[in-house]
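In what follows, a structure is listed as structure tokens, so that the remarks can point back to it.
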Protein chains: 2
Amino acid sequence: MTSGDQLKSLGLKVTGPRRKILSLFEDTDRSHLSAEDVYKTLLSEHEDVGLATVYRVLTQFEQAGILTRHRFDNDKAVYELNKGNHHDHLLCIQCGRVEEFYDPEIERRQKKIAADRGFRIHDHSLYLYVECLREDCPHRRHDGDAGEEES
Amino acid sequence: MTSGDQLKSLGLKVTGPRRKILSLFEDTDRSHLSAEDVYKTLLSEHEDVGLATVYRVLTQFEQAGILTRHRFDNDKAVYELNKGNHHDHLLCIQCGRVEEFYDPEIERRQKKIAADRGFRIHDHSLYLYVECLREDCPHRRHDGDAGEEES
DNA sequence: TTTTGTGCAAAGGCTTTGCAGTAAC
DNA sequence: GTTACTGCAAAGCCTTTGCACAAAA
């Protein structure tokens, strides 16, 4: 199924901005993108899309279940492609690196803790803030960030 | 140790706003308060404190380790008294209720997951979003919220 | 043609900051 | 008397919204 078909099947018109944003998420190696990341990336590719449109499309995609939105600690919201595989996140507070993990036992305990109190888990990633053990954090700072690297 | 002594021992001048805000957290049954909650509560007690001061004091208290700041999903930041007891949070997406929990096994797994990838856990509460199982959520909506109940 | 989407600029919500007056030490 | 703190209003940051134009169906 092409991006276009996927959009149609959701009742969304197939427009330039929507197609470009969707492919951006499908192609990029950077799995978690903010509205500004998307905006700047499109600009750098000479795609003329307004920031407001980016916000609107990201919101629509989230509501359509294509993307998942995250609010990591202090930062702006970021989105990732929703592949249907529930997972949690490991966030390096030093380099901003994001890794995913899944631990069946943690899932089980969560469910039990909630159930014991009369609640049901609402699907949502856990955010696990960590710091790198080495002083020179070996992880690159945002692989190819579209953010604040002014020469 | 009085609130005043506690402030002095942190190198902070003992001022009206600081004392009032600190006692608010010590006395209230509502453990998690936003800046606006604090501001409105003080107003309702005829304490004349500016919102900017509330923000500044909350930030100072957090940096001093008196308070812990949380950013639950979409909401504004909330603070709770830092009693030194690490715990995680259960957040009802229906009624806004906040419960605390601590699960040694989850702690253990977190540590292991991080260590296996060369990270060390940075102390931070886990947020577990849940919904109540009964349709008529039995939990009151924000015990005595200082928020949006305009008659 | 009808409907939905888009860009721009303006506005919104939460938080921070500049500044001159004020209180703590 | 100094220095730190406060209140107010203004500004900042991220995000949303109003509106007229443009593109999709």
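The values are calculated or read from the model by the stated rules, or taken from the named source; none is laboratory data. As the structure is a prediction and not an experimental result, all values here were calculated from the model. Here Cβ is always computed from backbone atoms with ideal geometry, including for glycine, and neighbour counts include all displayed protein chains. Please note that ligands, DNA and RNA were not included when accessible areas were found on the heavy atoms of the full protein model with its side chains. Shrake-Rupley method; radii C 1.70, N 1.55, O 1.52, S 1.80 Å.
With contacts taken as Cα pairs under 8 Å and at least 6 residues apart, region A:85-137 reaches a relative contact order of 50 percent. Neighbouring Cβ atoms from other chains, within 10 Å of the Cβ of residues in B:113-126, number 6 on average. Inter-copy label distances at B:TYR55, shortest first and taken from points set 7 Å along Cα to Cβ: 1.8 nm. Per-residue 3J(HN,Hα) values for region A:111-122, derived from phi via the Karplus relation 6.51 cos²θ - 1.76 cosθ + 1.60 with θ = phi - 60°, read 4, 5, 4, 5, 4, 4, 10, x, 10, 10, 4, 9 Hz in sequence order (x marks Gly and Pro).
Extension gain for A:ARG134-A:ARG108 works out to 6.2 nm (0.36 nm per residue, less the C-alpha to C-alpha distance).
Starting from the Kirkwood radius over alpha-carbon pairs of region B:1-84, derive D by Stokes-Einstein at 37 °C in a medium of 0.692 mPa s and give it in µm² s⁻¹. All intermediate terms of the calculation are to be shown ahead of the outcome.
Numbers: Rh = 12.9 Å.
In µm²/s, the coefficient rounds to 255.
A 1.4 Å probe run over the protein assembly as shown, with the rest of the protein chains in place, finds 57 Å² accessible per residue. Considering only B:GLU105, B:GLU36, B:GLU47, the mean-square fluctuation computed in a Gaussian network model of chain B, springs between alpha carbons under 10 angstrom, is largest for B:GLU105.
Return the average number of partner chain Cβ atoms within 10 angstrom of each residue Cβ along peptide B:103-110. Mind showing how you got there, number by number?
Values: counts 5, 1, 4, 8, 0, 2, 7, 8.
Partner-chain Cβ atoms within 10 Å, mean over residues of B:103-110: 4.
As a test of the definition: with a 1.4 Å probe, what buried accessible area, both sides summed, do you compute for A against B, in Å² to the nearest 100?
On the way: alone 10300 and 10310 Å², together 17120 Å².
Counting protein atoms only, the buried area is about 3500 Å².
Relative to the other identical copies, B:ARG19 shows label-point distances of 6.9 nm, where the label point lies 7 Å from Cα along the Cβ direction and values run shortest first.
With one equal scatterer per alpha carbon and no solvent term, the Debye-computed log10 I(q)/I(0) for region A:1-141 at 0.20 1/Å reads -1.23.
Largest GNM mean-square fluctuation across A:ALA115, A:ALA64, A:ALA77, computed for chain A with C-alpha springs under 10 Å, falls on A:ALA115. Charged neighbours of B:THR15, selected by a Cβ distance under 15 Å, balance to +3 (K, R count +1; D, E count -1).
Quick check: the distance between the Cα centres of region B:97-130 and region A:5-67, to the nearest angstrom? Between the Cα centre of region B:97-130 and that of region A:5-67, the gap is 32 Å.
In chain A, what percentage of the DSSP-assigned beta bridges are antiparallel, given to the nearest 5? Please list the in-between numbers first.
Working: 10 of 14 bridges.
For chain A, the DSSP antiparallel bridge percentage is about 70.
Take the residue pairs A:LYS8/A:LYS83; B:LYS8/B:LYS83; B:LYS83/B:LYS112 and return only those whose Cα atoms are more than 20 Å apart. Those over the limit are B:LYS83/B:LYS112. The share of accessible area on chain A that comes from carbon and sulfur is 46 percent, using a 1.4 angstrom probe.
Distant-in-sequence amide contacts of A:PHE101, defined by a placed amide H-H separation under 5 Å and a gap of 5 or more residues or a different chain, comprise A:ASP88, A:HIS89, A:LEU90.
Rounded to whole numbers, the Karplus 3J(HN,Hα) couplings from phi for region A:66-75 are 6, 10, 10, 9, 10, 10, 6, 2, 7, 7 Hz, using 6.51 cos²θ - 1.76 cosθ + 1.60 with θ = phi - 60°, and x at Gly and Pro.
Shielding by partners for A:61-72, please: the mean number of other protein chain Cβ atoms within 10 Å of each residue's Cβ. Working shown, then result.
Working: counts 0, 0, 0, 0, 0, 0, 0, 0, 2, 1, 6, 1.
That average works out to 1.
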